[in-house]
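Nothing in this text is a laboratory measurement; each read-out follows from the coordinates by a stated rule. In this text, all values refer to a predicted model and were calculated from it rather than measured experimentally. Cβ placement follows ideal geometry from the backbone for every residue including glycine, while neighbour counts extend to all protein chains displayed.
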Amino acid sequence: MKNKILLFAVLALVSVVAISASASQNQNQNQQGQGQGQINAQEHRSAVANFVQSLENVAEGDSGIGEQVRLLAQQQNQSSETTIQAMEKVQTRSKIRAFLFGSGYKNLGTLRSEMVQTRNRLEQISRLMESAQSEADKAELQNQVQTLEQEQAKIENFIKDNESKFSLFGWVIKLFNK
């Protein structure tokens with residue numbers, strides 16, 4: 001009986017030390033990540049709002065591709081809400097829960113899915129760009145495609161950073177999610 005109590009006490013002590021080390025590591029990663037192009041949900045919301053507004057302006061000015069651009073802008077706006085919700089859930093996950101079970105692999109999977117859909121929309125916009133009537137519209141579409149590609153890279157970094165965080169039982173969660 002004494003051995004079991006001693007074993008439990010040692011495991012509890014190791015867990016407390018590991019949790020505090022993980023919290024410190026997560027804080028350091030978050031501070032480093034913000035300087036290296038990491039994104040948060042509010043920044044993404046702002047970038048997508050600017051993207052959608054610019055596409056709406058192009059759609060109003062170009063009658064040839066206007067309706068298609070407007071549809072893609074609406075789809076991206078809807079997609080951004082899903083992306084923002086998933087990012088917020090990952091960001092607000094408690095450090096203890098993240099340490100024990102991981103960063104929320106379901107939400108990270110949602111982010112990956114939205115990235116694929118956004119990549120498809122970017123390809124459609126690039127094809128539409130060739131059909132644009134004015135050079136100004138073509139230039140604006142090109143600028144917006146580049147801006148959204150940069151946002152995609154930031155989201156990819158966000159996913160990688162959160163997937164690479166240490167967790168005690170994260171591997172079990174990954175097994176059940178497959």
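The table for this structure:
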| quantity | calculated |
| --- | --- |
| Under 20 Å from Lys160, Cα to Cα: aspartates and glutamates that are on another chain or at least 8 residues apart | Glu43, Glu88, Glu114, Glu149, Glu151 |
| Cα→Cβ-extended label distance, 7 Å offset, between Trp171 and Gln85, nm | 3.3 nm |
